[in-house]
Ligand SMILES: Cc1cc2nc3c(=O)[nH]c(=O)nc-3n(C[C@H](O)[C@H](O)[C@H](O)COP(=O)(O)O)c2cc1C
């Protein structure tokens, strides 16, 4: 996972919290209205706080986000470290080959053994609208970002 | 977290996977339609696969589940162990003092320092409808339970 310097200090805090965990559970709403989640490796958090993922064009989650006003939740949890982050955002598929080149790393190989030229490979970009993290001092989820 | 012997072998598999993680990220749909999540300690998985949590009557998540057809997702993640579980279910508040007595354990003290007689303490019970886990051999989420 590559992270860039954040212009916004609250986004810098998100970055510090998630970069050690790296893998989000991404929750979407499926065809039947059920909430489903799956692990997703963050490829990049850019300077605007946008989170970039790779996925397959045929993946059900691509349709699920389109059919539900693009709403997703990304949770990052490390129980042994009492570290918990919830990001509410909107997801969008983006078939941008130049950005795929930029994001590509061998870390993506396990999911895309055919490499970055796999025609099924596409981008899922998540814009953060709200972020909360567990603050063990005050024993509550602190909402520290709302855009 | 207390777990009971599962009659169903697929539920036994859920049990094995979640009992080491213990803390779920519970995702609900908020008033604005956004997906939000927070850590929740599983108090019990009973013999029917129902997951039992404590919460506060005044907690926003109680209203959120009532307003969205009770839909929740519980994700259990342990990145270091590549262990990921997604449970789709329906949640229901249940103010049952006898069940509260049965579930009470000192592990709940951090969230309920006033103990089990705290009038704000209530139960959130989640019935599992679908469960998936990450199978690293086949590199995909395997849906192993659908009820
Ligand atoms: C490890 C851990 C376990 C938690 N377990 C519970 C729990 O069992 N019940 C609960 O109501 N809150 C629990 N919390 C606090 C919740 O994450 C949350 O802050 C609180 O329930 C308020 O949620 P809401 O405002 O979204 O309704 C736990 C927090 C942590 C860090």
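What follows draws every value from the coordinates through simple rules; no lab data is involved. Remember, it's a predicted structure, so these values are computed and weren't measured experimentally. Positions of Cβ are backbone-derived with ideal geometry, glycine not excepted, and every protein chain shown enters the neighbour counts.
Here is how the numbers come out for the structure above:
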quantity: Copies compared at residue B:80 - label distances in nm, ascending, label defined 7 Å from Cα in the Cβ direction; calculated: 0.1
quantity: Percentage, to the nearest whole number, of Cα pairs in segment B:2-146 over 18 Å apart; calculated: 56 percent
quantity: Relative contact order, percent, chain A [alpha-carbon distance under 8 Å, six or more residues apart]; calculated: 23 percent
quantity: Shortest-first nm distances, residue B:47 label point to equivalent points in other copies (7 Å, Cα→Cβ); calculated: 6.2
quantity: Approximate spin-label separation residue B:9-residue A:81, in nm, with each point projected 7 Å along Cα-to-Cβ; calculated: 3.8 nm
quantity: Average Cα contact separation per residue, segment A:7-58, under 8 Å, 6 or more apart, as relative contact order %; calculated: 27 percent
quantity: Inter-copy label distances at residue B:109 (7 Å, Cα→Cβ; nm, one decimal); calculated: 4.9
quantity: Whether segment A:55-134 is rounded, prolate or oblate, judged on the alpha carbon gyration tensor where a/c under 1.5 counts as rounded; calculated: oblate
quantity: The protein assembly as shown pair-distance distribution - Cα-Cα, 5 Å bins, rounded %; calculated: 1, 5, 12, 17, 19, 17, 13, 8, 5, 2, 1, 0, 0
quantity: Cα centroid separation - segment B:25-52 against segment B:85-129, whole Å; calculated: 11 Å
quantity: Exposure proxy ranking, count of Cβ atoms within 10 Å, fewest first, for A:56, B:61; calculated: A:56, B:61
